[in-house]
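The values are calculated or read from the model by the stated rules, or taken from the named source; none is laboratory data. If you're wondering where the values come from, they're calculated on a predicted model, not measured in any experiment. Here the Cβ positions follow ideal geometry from the backbone for every residue, glycine too, while neighbour counts run over all protein chains shown.
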């Protein structure tokens, strides 16, 4: 089996372009977070019914909120980003990044389940809308805030640790995201 860093694009993303790739990835992640937070503000602060609370992009494009393809696509982009950028992390930062990835694998599975229900037209537990497994116990808005938080928190910890590695981690890092120690 070929090592992931043997692929030229992956090698570039995790060496020369790691910092830029992480910054672009984080812009996407934060924009998605902003959508979920806007929806939460619409529901809990502005008192909008959940069916009308569509975040920022959902106001001009209401179909986005109801598109399982869009939600699945984001979950897939998140998982692929976490996989592609993982080789650039070492030590404790890699442990935290891997934790985010593992949680995102589950989150992706839940979105795949939602997409399959939408495509097939049959929902879990005869619910009127596609329903994820944990959504059987938790409302969808709160569940997705939770999912995004538990993926985002270890990502942030990984980024902080990646920017302040130990001497051994700095020596082992394939990228130069962390400032050189003098």
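For the reader, a short list of remarks on this structure follows.
- Residues considered: 112, 101. Of these, the only one that is crowded, with 19+ Cβ neighbours inside 10 Å, in a helix (DSSP H, G or I) and modelled with pLDDT of 95 or more is 101.
- Subset of region 35-54 (residues that are modelled with pLDDT of 90 or more and either under 30 Å from residue 16 (Cβ atoms) or not in a helix (DSSP H, G or I) (or both)): 45, 46, 47, 48, 49
- Test: residue in region 14-21 that is at pLDDT below 90 and not in a helix (DSSP H, G or I): no
- Once region 17-35 is narrowed to residues that are in contact (Cβ under 8 Å) with a residue 60 or more places away in the chain and more than 12 Å from the chain's Cα centre (by Cα), the residue that is surrounded by the fewest Cβ atoms within 10 Å (Cβ to Cβ) is 19.
- Test result for residue 117, surrounded by 18 or more Cβ atoms within 10 Å (Cβ to Cβ), at pLDDT 95 or above and under 23 Å from residue 9 (Cβ atoms): no
- Checked against the criterion of being surrounded by 17 or more Cβ atoms within 10 Å (Cβ to Cβ), in contact with a helix residue (DSSP H, G or I) (Cβ under 7 Å, 6 or more places away or on another chain), part of a loop (DSSP other than H, G, I, E, B) and modelled with pLDDT under 95, region 55-69 contains one or more residues that satisfy it.
- Any hit, region 123-133, residues being surrounded by 13 or more Cβ atoms within 10 Å (Cβ to Cβ) and under 25 Å from residue 25 (Cβ atoms): yes
- The numbered conditions (1) part of a loop (DSSP other than H, G, I, E, B); (2) surrounded by fewer than 12 Cβ atoms within 10 Å (Cβ to Cβ) are all true for residue 165 except (2).
- Taking the criterion of being touching a helix residue (DSSP H, G or I) at 6+ places or on another chain (Cβ under 8 Å) and either touching a residue at least 24 places away in the same chain (Cβ under 8 Å) or outside any helix (DSSP H, G or I) (or both), the residues of region 136-152 that qualify are 138, 141, 144, 145, 147, 148, 150, 151, 152.
- All told, residue 64 meets the bar of being more than 17 Å from the chain's Cα centre (by Cα) and closer than 18 Å to residue 29 by Cβ.
- Residue in region 70-81 that is closer than 20 Å to residue 177 by Cα and either in contact (Cβ under 8 Å) with a residue 40 or more places away in the chain or surrounded by 16 or more Cβ atoms within 10 Å (Cβ to Cβ) (or both) present: yes
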